[in-house]
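Input: a single structure, listed below in structure tokens.
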């Protein structure tokens, strides 16, 4: 047998832990349809909690099967701090950008264009978050995509398939998580999940905003200061009841 035939006879080497993790992922994905069938338009947020929990477990499993994703796009600091004021053409790693700024100040150089950035800075950052509104129909669409991609996963699937599965599960989890949050019954944009004040007028049902308004309407009172006690003296307290004799 030639060396080439020996090399081809070895076949594909499955990564360690993939069979068990893929089995767990398939089992979790199989239960999503049961959770979805129990939901309906106008369902209580608590009814979405079971589906949100199952989606998060499936997402973590798929993320473990996929290659590690860089949030900053920096190969040196993949999970470092993000630079909120990164110049155009720079990466998003705060540590690397601070180094570059110090170098620019000393040498007077200009930032490198986007085409000259390292390959690690051009990768996708983090996991995708779908745009609102978050509705039951949006959740169904996300789960339909997950279900279609599920049948193509196998032990020999490339890493990109697991990356796409993790991204789709993250989208579905975000939608389910937002639907499981308490609804804005008070109508307050500042405190969406605030309790309702039964004594507040219509349109001002937020208990936090109503309490703030009541405190602002109270008349300002000058605080009463107790006399200062000299060192060595004890304050004489007035008792409401006389101490019994003996």
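Overview of results
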{"item": "Matching residues in the range 32-46 - criterion: being free of Cβ contacts under 8 Å to residues at least 12 places away in the same chain and part of a helix (DSSP H, G or I)", "result": "34, 37"}
{"item": "Residues that are under 18 Å from the mean Cα position of the chain (by Cα) and not in a helix (DSSP H, G or I), drawn from the range 160-189", "result": "180, 181, 182"}
{"item": "Check on residue 157, in a loop (DSSP other than H, G, I, E, B), at pLDDT 85 or above and surrounded by 13 or more Cβ atoms within 10 Å (Cβ to Cβ)", "result": "yes"}
{"item": "Residue list for the range 58-109, filter: modelled with pLDDT under 85, within 30 Å of residue 25 (Cβ to Cβ) and not in a loop (DSSP other than H, G, I, E, B)", "result": "82"}
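The values are calculated or read from the model by the stated rules, or taken from the named source; none is laboratory data. This one's a predicted model, so the numbers in the text were calculated from it and none came from an experiment. Here Cβ is always computed from backbone atoms with ideal geometry, including for glycine, and neighbour counts include all displayed protein chains.
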